[in-house]
1. Residues being open to solvent by 80 Å² or more (accessible area, probe 1.4 Å) and among the hydrophobic types (A, V, I, L, M, F, W, C): count how many of those fall in segment 465-479.
2. Against the condition of a type in the set (Lys, Arg), touching a residue at least 24 places away in the same chain (Cβ under 8 Å), open to solvent by 40 Å² or more (accessible area, probe 1.4 Å) and part of a helix (DSSP H, G or I), how does LYS504 come out, does it pass?
3. Is at least one residue of segment 341-357 under 34 Å from the mean Cα position of the chain (by Cα), open to solvent by less than 60 Å² (accessible area, probe 1.4 Å) and either at pLDDT 90 or above or not aliphatic (A, V, I, L, M) (or both)?
4. Does ALA145 satisfy the condition of being of a type in the set (A, V, I, L, M, F, W, C) and assigned to a loop (DSSP other than H, G, I, E, B)?
5. Please determine, by comparing only the residues of segment 45-81 that are in a helix (DSSP H, G or I) and closer than 15 Å to HIS14 by Cα, which one is modelled with the highest pLDDT.
6. Mind telling me which of the residues ALA506, ALA488 ends up being under 19 Å from ARG391 (Cα atoms) and touching a helix residue (DSSP H, G or I) at 6+ places or on another chain (Cβ under 8 Å)?
7. Taking only pairs six or more apart or across chains, which ones have beta-carbon atoms under 8 Å, a first residue in segment 296-325 that is surrounded by 14 or more Cβ atoms within 10 Å (Cβ to Cβ), and a second residue that is of a type in the set (A, V, I, L, M) and assigned to a helix (DSSP H, G or I)?
Amino acid sequence: MVGLKEELLKSIWHAFTALDLDRSGKVLSHNLCTVLNVPHDPVALEEHFRDDDEGPVSNQGYMPYLNKFILEKVQGNFDKVEFNRMCWTLCAKKNLSKSPLLISDEDAFKVWVIFNFLSEDKYPLIIVPEEIEYLLKKITEAMGAGWQQEQFDHYKIALNTSREGLSAWELIDLIGSGQFSKGMDRQTVSMAINEVFNELILDVLKQGYMMKKGHKRKNWMERWFVLKPNIISYYVSEDLKDKKGDIILDGNCCVEALPDKDGKKCLFLIKCLDKTFEISASDKKKKQEWIQAIQSTVSLLRAGSPPPHKEARQKRKELRQKLQAEQEELERQMKELQAANENKQKELETVRKQLEAAAARAAEEEKKRLQTQVELQDRFSLELEREKMVRQKMEEQVAQKSSELEQYLQRVRELEEMYKQLQEALEDEKQARQDEETVRKLQARLLEEETAKRAELEKWHLQQQQTIQMTEAEKQELENQRMMKEQALQVAMEQLKQLELERKEALEQYEEVKKKLETAANNTKSWKDKVAHHEGLIRLIEPGSKNPHLITNWGPAAFTEAELEQRQRSWKGKKATSE
């Protein structure tokens, strides 16, 4: 019933869409009830189509009434051709092309019915190119002409570029234009359409004239036989006006070939449960075709399968649905792949940006490292220059001290010449004092230098430890500098040791000078009386005065200011006495 309902709905859709909205529901409902043998329900009809704002005047509003009050009551005891003709009458005048066609209105009606059978189950109704090809092939075969596949392929390409398929009226125009039936007259095209109509719509599997033996009179009469999926009807002639009887087929029926007898040839027997029918074909080929057709029909009945053309239509539809599903799945997969590809592209772009950022950071870090290295090299260069300057200053100081010492010695030699015999004692005393002072200064200088060297060594040691804590890459580059620092440190250590030795030697000299001083002090006591008349030039060596000493260019003076004043007064007194 579901399949029947779908077939009915397609024809009804054409009729409903062709009528005016304000009168389509009632007019169509009356006609449908009549042709479908459904009892009229005027009350429900008027109630459903009452004339107010809530009355359903659209296709959506009409469907509930159509399903409930008409289609659900259909029993199948109606004439399908009459039903389709009623719907065709309602819609053909409005939609059928006014241009002249090579087919009659009756042929156009049959094409319209075939369209409803082959069209897709979605609205608005269209017939897809595959079904158009199937129909045109059937019509061409029925005309006995050759199928022009290349011509249809060009037409199919042009059709696919503009739309999914054709409407019923476009299909009628296509067949009526004679585009695929060139060279054929109207009668041949009409007969071909009628043959296809009988097969697809009326379920006529085979038809033709044969002789049938009567059951009562046992005479042979020529009849027009029509084979359908569950029945064989026979008529007086092919106009189907005078029906003589039916042979009901079921799974228990069988067909057997009979030998020739009673002057009849090409005999075969149809056995049913209650009756047996003897039939004579016109020739052996017809006989074999009818036997095979009836056997195939019985086999389909036993298997519960639909007629071949309906089964083929269902398979084509399932194949299209499968292909469409595969196409949709392929499109979905392509979209997923495209989305995945876009995501991958975004991820790659992100990774590329991260790599660029990392490279920029690495370059920045390398730049900072090189800058730090240059700064360290500059710092070490400055320290080396500073160290060289310190060494140069120390050498200048040593040279200056040496010069001062040379001047001091020269002064001592002059004093030795001036004071003759006392020169050695005074020189010893002065030399002892000067040596003592020099040794003290030298010791102090050496101590300061030792302290500075130790501080510098500690600084270099700290820098060396900081340098060791640097990165491995910088450690390799600074290894040579560290070796130079270590060499400088070794030289400084040796200098420190040398200064330590010099300090010890200075201490030893100090002790010697001290002993000499003591010896000189003892020697000068014996010369006190001898040099009394030389008071203006020299004085006895006595313990130093507590008064501050004078400072000369050669160091601390041997006399204080008070002693000089006393000497001056003594010289003046002696001078006055001598005068």
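The values are calculated or read from the model by the stated rules, or taken from the named source; none is laboratory data. Values in this document were obtained by computation on a predicted structure and should not be read as measured data. No Cβ is skipped: glycine too gets one built from the backbone with ideal geometry, and neighbour counts run over all protein chains shown. Keep in mind that these areas ignore ligands, DNA and RNA; they rest on the heavy atoms of the full protein, side chains included. Shrake-Rupley method; radii C 1.70, N 1.55, O 1.52, S 1.80 Å.
1. 1
2. no
3. Yes, because at least one residue in segment 341-357 is under 34 Å from the mean Cα position of the chain (by Cα), open to solvent by less than 60 Å² (accessible area, probe 1.4 Å) and either at pLDDT 90 or above or not aliphatic (A, V, I, L, M) (or both).
4. yes
5. LEU66
6. After applying the criteria, what remains is ALA488.
7. Cβ pairs passing all conditions: PRO306/LEU300; PRO307/LEU300; PRO308/LEU300; HIS309/LEU200; ARG313/LEU118.
Here's the yes/no breakdown for (1) free of Cβ contacts under 8 Å to residues at least 12 places away in the same chain; (2) closer than 22 Å to GLU318 by Cα; (3) surrounded by 15 or more Cβ atoms within 10 Å (Cβ to Cβ); (4) out of contact with any Ser or Thr (no Cβ under 7 Å at 6 or more places or on another chain):
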position: PHE115; (1), (2), (3), (4): no, yes, yes, yes
position: TYR123; (1), (2), (3), (4): no, yes, no, yes
position: GLU130; (1), (2), (3), (4): no, yes, yes, yes
position: HIS154; (1), (2), (3), (4): yes, no, no, yes
position: GLY165; (1), (2), (3), (4): no, yes, yes, yes
